[in-house]
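The structure appears below as structure tokens.
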Amino acid sequence: MLHKRKGNPFTEGSRELFDLAGQGRIDVFFLGGAQIDGAANINLVRADGRRFPGSFGSAFMYPMVPRTILFREEHSKRTLVPKVEFVSAAGNPQALLTGKALFGWQKDRRRFRLESVHPGHTVDEVKHDTGFDFDFSEAKTTEQPSKQELSLLRGPVAQAIRADYPDFAKRVWG
């Protein structure tokens with residue numbers, strides 16, 4: 001979206017985004033990867049013999065933004081690996097969100113902790129489909145969104161996203 005004039009508040013491209021991060025003026029950053037490992041490293045360059053567009057500014061943004069949330073919709077041993085094939089960026093995320101679970105990051109232990117499992121999935125399934133070890137004590141179920149949150153997501157959020165990500169919007173909201 002940053003490459004489209006309509007959705008880009010910056011006049012000098014990504015330099016302004018990096019300047020804001022360096023000044024501590026960005027609170028939260030969402031970062032995905034082709035692979036994510038148990039040490040919270042991400043790979044945006046190559047995996048399984050495939051080449052991807054690359055890291056761009058992730059190696060800078062990840063450690064600079066205090067609350068980086070890693071995400072990957074696919075939750076499998078192919079994407080959540082013991083060790084990434086190439087380290088594009090490393091840091092201390094706040095969390096890792098997947099299509100099956102939410103993990104918190106334990107900075108002192110440099111290890112993920114299972115916080116909750118999404119409805120329709122189990123702890124055993126999450127363990128089986130995760131390529132790295134993680135901590136957990138009690139399996140909570142991820143809280144369902146409220147009616148108000150669902151209304152916002154299905155209304156104005158869906159409308160805004162549909163313009164730039166039509167395939168995603170169609171898959172999620174029909």
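Quick look at the values:
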{"item": "Selected residue (only one of G91, G120, G104 is free of Cβ contacts under 8 Å to residues at least 12 places away in the same chain and either among the β-branched types (V, I, T) or surrounded by 15 or more Cβ atoms within 10 Å (Cβ to Cβ) (or both))", "result": "G104"}
{"item": "Filtered residue count, the stretch 140-168, keeping only those that are in a loop (DSSP other than H, G, I, E, B) and open to solvent by 70 Å² or more (accessible area, probe 1.4 Å)", "result": "4"}
{"item": "Of the criteria (1) among the acidic types (D, E); (2) out of contact with any Lys or Arg (no Cβ under 7 Å at 6 or more places or on another chain); (3) surrounded by 15 or more Cβ atoms within 10 Å (Cβ to Cβ), which one D129 fails", "result": "(2)"}
{"item": "Those residues of the stretch 59-81 which are surrounded by fewer than 20 Cβ atoms within 10 Å (Cβ to Cβ) and either farther than 21 Å from K127 by Cβ or among the hydroxyl-bearing types (S, T, Y) (or both), in sequence order", "result": "A59, F60, P63, M64, P66, R67, I69, S76"}
{"item": "Residue in the stretch 25-32 that is in contact with a helix residue (DSSP H, G or I) (Cβ under 9 Å, 6 or more places away or on another chain) and surrounded by fewer than 16 Cβ atoms within 10 Å (Cβ to Cβ) present", "result": "yes"}
{"item": "Flag if F56 is open to solvent by 60 Å² or more (accessible area, probe 1.4 Å) and either of a type in the set (S, T, Y) or under 14 Å from G32 (Cβ atoms) (or both)", "result": "yes"}
{"item": "Complete set of residues in the stretch 21-42 that are outside any loop (DSSP other than H, G, I, E, B), modelled with pLDDT of 95 or more and more than 12 Å from the chain's Cα centre (by Cα)", "result": "D37"}
{"item": "Long-range neighbours under 9 Å by Cβ, at least six apart or interchain, first residue under 20 Å from E74 (Cα atoms) within the stretch 156-174, second open to solvent by 80 Å² or more (accessible area, probe 1.4 Å) and at pLDDT below 85", "result": "Y165/M1"}
{"item": "Flag if V45 is over 27 Å from R162 (Cβ atoms), of a type in the set (A, V, I, L, M, F, W, C) and either out of contact with any helix residue (DSSP H, G or I) (no Cβ under 8 Å at 6 or more places or on another chain) or exposed (fewer than 15 other Cβ atoms within 10 Å of the Cβ) (or both)", "result": "yes"}
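The values are calculated or read from the model by the stated rules, or taken from the named source; none is laboratory data. This one's a predicted model, so the numbers in the text were calculated from it and none came from an experiment. Note that we place each Cβ from the backbone using ideal geometry, even for glycine, and neighbour counts take in every protein chain shown. Just so you know, the surface numbers come from the protein's heavy atoms only, side chains and all, with ligands and any DNA or RNA stripped out. Shrake-Rupley method; radii C 1.70, N 1.55, O 1.52, S 1.80 Å.
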